[in-house]
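To start, the structure under review is shown below, and the notes come after it.
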Amino acid sequence: MIKIDFFPPDMVKEYEDQISEEIKKRNGNKNEIRFIPDMEYTISIHDLLTADSKKILAIDGIPLYMSICASQKYITTEVGELLHALSSKHSDKVNRIGRYKYNVDGIIYNSRTRKNEQIAIDKAINLIKSEFPSPYAKFIDGSSTLMELSNALKKMYDYLISANFNNKQSKLIIDYSILKGDIRHKILNSLGLRTCPYCNRNYITSYGEKSTADLDHVYQKKQYPLFALSLFNFVPSCSVCNSRMKNIHPADDALYPYEEGFEDDARFELKTTRKPYEKNFCESTVHLFQAIRDTKFDEYDLKIVIDPKTPFSKKKKIENSEKLFHLKEVYANHKQDALEAAFRTRVYCEGNYKRHCQRLLKRLEQAGMKMTASVDLEASMFADIIDYEWLMFGIFFNDEKRRYEKPLSKMIYDIYINLGKNNAVFKCNKKIHAR
């Protein structure tokens, strides 16, 4: 949900220095790892450990590897999802054209009605035979049903991951146990995150040289063992998102925090559940105060709304993230926090809170905290740090680097902007960045 920076260069180098030697030793002192049996596809230990996702995905053979790995998520489900998983990483001959419909090389398959299912299976088998290299396409020989196709893909996967086994030393070449606790905590702390990027609900904190964060694998290390030690695959997260929400489910079809977050494409909105003619009910300061006081939270909905202008590909990722981390359900428990943010916003936009903040800043100035006698407090560095928004919410709304440091700050910021942007007093405040 929140976009984050990739690991700093000094951390990347330290990580590689500590991990690469052990992998190289397990790999027969070779710097290149052959990751697909019977094929010449290789990846350097350096790239595998330190490269970003775009560079990794552009390496020859990686799309084939990921296609076979991705199929394992769907081999026990319906054919449409299985075919889409196979094709989305390796070929463009199977496209999803709707929630339940797939275009398989010109044939429309509907997973609800099972219309054209056998045709879709036959097309998929032919697709694999024509698009996959012969050492892997042979696994499909004799397959004609979905069960036979699934069994063939399971055997293909088992053969694929056998490349990670070193017979001479009887050890896995890529093994997560190589990552020791000390370097793991350094990795987690190096990003300087204060909240979970998946949910922005829970704190991520360091204590001494350790961290309270989990080290999540975007591509599950059991399903994609090649990436078990890849930095691009590590995302610090809270234990709730990692262990309870995401658990064994891969996040490869959700938002990837190092590249994108919700940003302005998805926002939280507090809506009244009353009838349309009471559409202004939510914006009334009195009604908001009454709802907080009487805890009538059922009269409001807290929703995640996607901007209509958002590209389809990102829209799907936002929806998948919302589903994977159960954001709708968990944020439903934060209606009181949303109502309080809305109430403060309304009070501020009506001018009362702004005047209070101005008086407070003036008192601080009179107490001797102004910068210089010749500098106006409103234009000083001090005023930039302690601004109206910070005094109201304790969140640095005007600093993109620090805006989402606190739990629920994305939700609070969205409500503040949405409720205040059409208010005259709000517009007069030049510190606010309109959407």
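How do ARG344, ARG112, ARG359 stack up against each other in accessible area, from largest to smallest, with a 1.4 angstrom probe?
So the residues, ranked largest to smallest area, are ARG112, ARG359, ARG344.
For the set LYS246/LYS328; LYS3/LYS221; LYS73/LYS155; LYS362/LYS410, the pairs lying more than 20 angstrom apart at their alpha carbons are LYS3/LYS221; LYS362/LYS410. For segment 1-69, the set of GluC sites (Glu not before Pro) satisfying both a DSSP loop assignment and a count of at most 13 other C-beta atoms within 10 Å is given as GLU40.
Taking the accessible area of segment 1-141, probe 1.4 Å, and keeping the other protein chains in place, the carbon and sulfur fraction comes to 47%. R0 = 35 Å: FRET efficiency of LEU391 with ASP182, Cβ-based, nearest 0.05? Step by step, r from the Cβ atoms, then E = 0.30.
Listed by chain and number, the aspartates and glutamates placed with their C-alpha closer than 15 angstrom to that of LYS315 are ASP252, ASP253, GLU259, GLU260, GLU263, ASP264, ASP265, ASP307; residues fewer than eight positions away on the same chain are left out.
Please compute the Kirkwood hydrodynamic radius over segment 105-210, one decimal place, Å, based on all pairs of different Cα atoms.
About 18.6 Å for segment 105-210.
Listed by chain and number, the aspartates and glutamates whose alpha-carbon sits under 18 Å from that of LYS123, ignoring those within fewer than 8 places in the same chain, are GLU78, GLU81, ASP92, ASP105, GLU131, ASP141, GLU148. In terms of accessible area, using a 1.4 Å probe and ignoring ligands and nucleic acids, TYR258, TYR102 rank largest first as TYR258, TYR102. Averaged per residue, segment 90-194 has 55 square angstrom of accessible surface, using a 1.4 angstrom probe with ligands and nucleic acids left out.
Among the GluC sites (Glu not before Pro) in segment 182-275, those placed in a DSSP loop whose Cβ has at most 12 other Cβ atoms within 10 Å are GLU209. Using the Stokes-Einstein relation with a Kirkwood hydrodynamic radius computed over Cα pairs, the translational diffusion coefficient of segment 177-281 at 20 °C and a viscosity of 1.002 mPa s comes to 137 µm²/s. In the complete set of protein chains, residue-level accessible area for THR195 is approximately 10 Å², probe 1.4 angstrom. Amide H to amide H, with H built 1.01 Å from N, SER44 comes under 5 Å of ILE33, counting only residues 5 or more places away or on other chains.
The values are calculated or read from the model by the stated rules, or taken from the named source; none is laboratory data. All figures in this text were calculated on a predicted structure; none of them were measured in a lab. Positions of Cβ are generated from backbone atoms using ideal geometry, with glycine treated the same way; all protein chains shown enter the neighbour counts. The area values use the complete protein model at the heavy-atom level, side chains included, leaving out ligands, DNA and RNA. Shrake-Rupley method; radii C 1.70, N 1.55, O 1.52, S 1.80 Å.
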